[in-house]
1. Using only protein heavy atoms and a 1.4 angstrom probe, determine the accessible area buried between B and A, summed over both sides, in Å² to the nearest 100.
2. Given the Cα-Cα distance of B:H214 and B:T45 and 0.36 nm per residue of separation, how much length would full extension add, in nm?
3. Per residue of chain A, what 222 nm ellipticity follows from adding -39500 (n - 2.57) for every DSSP H run with n ≥ 4, rounded to the nearest 500?
4. As a test, work out the antiparallel percent of DSSP beta bridges whose residues both lie in the protein assembly as shown, rounded to the nearest 5.
5. Applying 1/(1 + (r/R0)^6) with R0 = 51 Å to the Cβ-Cβ distance of A:S284 and A:L34, what FRET efficiency is obtained, to the nearest 0.05?
6. Can you give the FRET efficiency for B:Q257 and B:V131, using 1/(1 + (r/R0)^6), R0 = 56 Å, r = Cβ-Cβ distance, to the nearest 0.05?
7. Do any residues of region B:280-296 show a loss of at least 10 square angstrom of accessible area between the isolated chain and the full protein assembly, using a 1.4 Å probe, and if so which?
8. Kindly work out what percent of the DSSP beta bridges joining two residues of region B:239-334 are antiparallel, to the nearest 5.
Amino acid sequence: MLSRVADSLYWMCRYLERAEHTARLVEVHLNLMLDQSLESADHRWRRVLKCVNAKCKEGDSLDGHTMLYMLTFDPGSPCSVVSCIMAARENARQVREQISSDMWEQVNRLFHEVRRSGVNDIREAQPLEFAMSARNGLRLLEGITDSTMNHGEGWSFLRLGRFLERASEIATTLDVHFREFFTGDTTREGTDHHLEWLGLLNSCSAFESYCKVYTADVRPQRIAEFLLLNAEFPHSVRFSVERFERSLRGLNERASDRRTVRLNRLAGRLGASLQFMQIDEVFSSGLSDFLHGIHRQSLQIHSAIYEAYINYPVQMALEA
Amino acid sequence: MATPILTRDTLLPAPFERYSTTSAWDEMFGDDGLPRERTRPIFDTMLELPAEELRRRKQVADLFFLHQGITFTVYGRGEGTEQIFPYDMIPRVITSAEWSVVERGLTQRITALNHFLRDVYHEGKILSDNVIPRDVVYSCRHYRRQMRGLSVPRDNYVAVCGSDLIRSPEGKFLVLEDNLRVPSGVSYMLTSRQVMKRVFPSLVQQCGVRSVDHYPQALLSTLRSLAPEGRHDPSIVLLSPGVFNSAYFEHAYLARQMGIELVEGRDLVVHDNIVYMRHTSGLRRVDVIYRRVDDDFIDPLAFRSDSILGVPGLFNAYRSRNVTLANALGTGVADDKAVYAYVPKMIRYYLDEDPILDNVPTYLMTNPDDRKYTLENLDKLVVKAVGESGGYGMLIGPHSTAEQRREFQDRIQSDPRNYIAQPTITLSTAPCYIEGQVVPRHVDLRPFVLSGEKVTVVPGGLTRVALRSGSLVVNSSQGGGSKDTWVLHD
């Protein structure tokens, strides 16, 4: 397929995944605010902004309301749910022919819904309802995509975007949270900020699955292990990277070896490290470093995708 | 045929009770006020069906357009401005005998135009023989000097032509203008037919309508026949300016129907004077480009350097004959409205035949007598800018204000080369179903002519309707709509 089309499909899903993650964070944190949390609203939202890599300087005096607005309704803020959905829709429009009509209809519907709820003052809006409704719409879209689109080359690019974004987001969310609340002592049984650790699990819709593996005994090290290394839970970094690799294998059959060498190596290395790593090792060498490493590798993988399929230099690509 | 035959006093049955003819030729009703034989079945059907049923069928048609996403984007508005293409469900009928004349006339015309283009980009014999003044050709903005001496496959410059025809009050088809650059509208022709088959299937069958569905295959064949030498299984693409272009729907539709790739300028790359598409699997060579991007924007290295729609180096690849562009560059010199006035002469000069289809009489503002006459009679004439399309830059004398006429007077005097004038021909009228009533509206016809290995004219074409009462402007960008056109079998 045309490189430009692959590019748009990839980004469409990155934006959709981003929107869903942000909406989920907003939902979880709004609920936490109600649960007599000790943290101040301003501090909390600043933390959430870090989770979505929003650009805001430390010195910026943004109040909680403004930050919440930036995360939800603000079309001028690139990290808001509304902006991500708009960007996804714009990409979808460019490649309307490649996606199914059902997908397009749902993207469009979602787009019009979030625009309609456009508000200028967060105090007048219902951010919780908005976040929940957006998330439902996004999950519906994910389902429609998987069941109405041919699982061919186009679909593979959608998957690359979705899973790379997911891996990166989970790693970032983990990092921000652990920096804030982890005392460094992995042997402690009880935890302070119990609600916040629950919140972390909920941010990845992971609480119930975590319980099935570890019981409701919430411990930081186990949470890290679950969200980083669990092979079966859809919102773990390992799961995401493995699905990413799977889609890559599907694409490999079509592209030449030369251009995809680096991409395959990077993805394979990340996948292998997650597959064979043990959580003790992660903590002894430093969780934060490990997470930074994942984030860095994600960025490298992203540029490798461009090198392999989209922006390859002409010299490398001439074929008869 | 100057006296109205049907007036408010002569009542036709519903839903025709508000129908009245004028001096225009009416597509449905004859001089006697009765429906013509060719349109009788349609007339009968409209009478037989109860009002509710007619309304229901109209809704079916509307929904079809909506669900298929058959849209048209209007320039100059904000985002999300795709509108459903305005459409009327009463078909316009042409007899087989009438069509035969049109078909032969258009075939003759495109042949002569291709000869003309080849000539003016090479030896220019028609100019040295003084059949057409040199300066009319060379002063044309769309004459591309870069095309001089360049040869194109089969000497075929125009692969797709949309000539606009009108029917005079005498019922004769005249050519109003030729569109030889990037004519559009064929996708509406194809989808209108689908709608009619859905909404009035028995009528289609009863009337015996010639099919148009072969257009995409015919276009593909035409493009294939223009492949560069040695390329036996040519790779063909459609080059579009992209989603923001008003005709994008058509680009996507045709690409899909022909099974070819829809590309934008940024998907193509030229290397060693060969054109390639950027695919995820590598570069794929391109042999023929059905280009829907204007000359000015097609190559920033050869034409407008600020264009982001084109492909740098495309012109060099074209010149090296490694890629074919359909239509060729520089065809605009032949659809300039001043050059249009000379087409009958071209037919005689190159083909030694009389034109089968006549032009509308045309006054050139560069001619002193024509100019004087025009300036004295602006209220009776239609004045057009030579290089415009879409119905813009036009003055319709009888509908104009004194101020508008003064403005055009100034324009003509300061830039005579840029204007022509024609008598206001009353376009023929056809019945339209508007708000539960059938009323007459002015129409024209745009058949589509394909020229490659051979000339193919699809029976019918796009009938464009000026939906506003009394309006003579049929262009979709200014409130026009379309109708299905039925050419009958013998």
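The values are calculated or read from the model by the stated rules, or taken from the named source; none is laboratory data. Quantities reported herein were computed from a predicted structural model and do not represent experimental measurements. When we count neighbours, we look across all protein chains shown, and the Cβ atoms used for this are built from the backbone with ideal geometry, even at glycine. To get the accessible areas, we keep the full protein, side chains included, count just its heavy atoms, and leave off ligands, DNA and RNA. Shrake-Rupley method; radii C 1.70, N 1.55, O 1.52, S 1.80 Å.
1. Values: alone 21050 and 15360 Å², together 34280 Å².
The contact between A and B buries close to 2100 Å².
2. Numbers: separation 169, 0.36 × 169 = 60.84 nm, distance 2.79 nm.
Extra length available between B:H214 and B:T45 comes to 58.0 nm.
3. Values: 15 runs with 226 residues, N = 320.
Theoretical 222 nm ellipticity from helices: -23000 deg cm²/dmol.
4. Numbers: 49 of 66 bridges.
Of all bridge pairs located within the protein assembly as shown, approximately 75 percent are antiparallel.
5. Values: r = 38 Å, r/R0 = 0.74.
With a Förster radius of 51 Å, E is 0.85.
6. Numbers: r = 40 Å, r/R0 = 0.72.
So the FRET efficiency works out to roughly 0.90.
7. At a threshold of 10 Å² (probe 1.4 Å), the residues of region B:280-296 that become less exposed are B:T280, B:S281, B:G282, B:L283, B:R284.
8. On the way: 8 of 13 bridges.
Percent antiparallel among DSSP bridges in region B:239-334 is about 60.
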